[in-house]
Amino acid sequence: MLDAVIGGFKESERIVSDALDAHVGSGTLLLADRGLWGLARWHRLRGQGTHLLWRIERRKARRVQDVLPDGSYLARTEANKHSRAAGKVKAPPALVRVIEYRIDGQADVVRLITSLLDHEKYPAAELAALYARRWETELSLDEIKTHQRGRPVLRSQTPDGVRREVYGHLIVHHATRDLLNEAARILQSTAERTSFTRALHVVRRTVISPSGFSPSARRRDRRLGIAEIGRSLLPRRRTRECPRKVRSCITGYGSKAPGEPASHRRSPVVVSLNHRWHDH
């Protein structure tokens, strides 16, 4: 977790997220869901030197310019008609690269646009596989909200208190993750195999230890904590799929059968590029 912004429940996620633009810059690859698409935001971030890989709706970027050997294609995207009708300043068109793929043979086609136009340097299959792992950001949110917080609600009773408490949780999570990354580097492993809950126990125990706050004691506690984390590495993660079903049939999704598990594990995600290109 690198940065965060806090807004009211009535504030739009798209508007609030604009405050995060200042954190990203040259050399950063920013992934985003289709709900955050905006041509003006695209130009603003590209002006900062940020590269983008965003999911987009099928009706966007329909003016195809060139089809590339890897199945992706270059297209021109323009401001929508609502922006023009509202009299807003019209953002200039942008040339983007479109990548379409399916996961594990599913019927739905995921459609991405990116500012990385070079298909040889940035193959479509690698970018699609990278975006398919974007869901793992949810694991960080689970670490903060479920394991670290430990309470169903925040303690603070005022808006300022809530902001301070939220940022306090984010700082603790960042420091704990820093400890896990260091442990993974020393153990020549990956951060995925280190246990966040184990590290959280180490941090909590160290904070209340009577060893004091001298630099030597802190270095010793950190060294011992990393060694403890290394003794309980997790097995290599397998991809988990959770079918979109509900307990009562109130939507178009299928309902859960009695005794059906909420999720199951299977082989890693297989990304299949959609090579069948046609004029949209």
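Quick look at the values:
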quantity: Residue within the stretch 65-74 that is closer than 26 Å to G25 by Cβ, modelled with pLDDT of 75 or more and among the charged types (D, E, K, R) present; calculated: no
quantity: Output for the stretch 8-59, where each listed residue is within 23 Å of R164 (Cβ to Cβ) and more than 19 Å from the chain's Cα centre (by Cα); calculated: G8, F9, K10, E11
quantity: Any hit, the stretch 111-128, residues being small (G, A, S), out of contact with any Phe, Trp or Tyr (no Cβ under 6 Å at 6 or more places or on another chain), free of Cβ contacts under 8 Å to residues at least 12 places away in the same chain and in the same structural domain as L31 (by TED's automatic domain parsing); calculated: no
quantity: Number of the condition not met by D108 [criteria: (1) surrounded by 13 or more Cβ atoms within 10 Å (Cβ to Cβ); (2) closer than 21 Å to A32 by Cα; (3) free of Cβ contacts under 8 Å to residues at least 24 places away in the same chain; (4) touching a Lys or Arg at 6+ places or on another chain (Cβ under 8 Å)]; calculated: (1)
quantity: Of the criteria (1) of a type outside the set (D, E, K, R); (2) touching a Lys or Arg at 6+ places or on another chain (Cβ under 9 Å); (3) assigned to a helix (DSSP H, G or I); (4) free of Cβ contacts under 8 Å to residues at least 24 places away in the same chain, which one Y131 fails; calculated: (4)
quantity: Residue in the stretch 1-53 that is modelled with the lowest pLDDT, counting only those that are assigned to a helix (DSSP H, G or I), of a type in the set (A, V, I, L, M) and touching a helix residue (DSSP H, G or I) at 6+ places or on another chain (Cβ under 9 Å); calculated: L36
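The values are calculated or read from the model by the stated rules, or taken from the named source; none is laboratory data. Owing to the predicted nature of the structure, the values given are computational and were not obtained by experimental measurement. Here the Cβ is made from the backbone with ideal geometry for all residues, glycine too, and neighbour counts use every protein chain on show.
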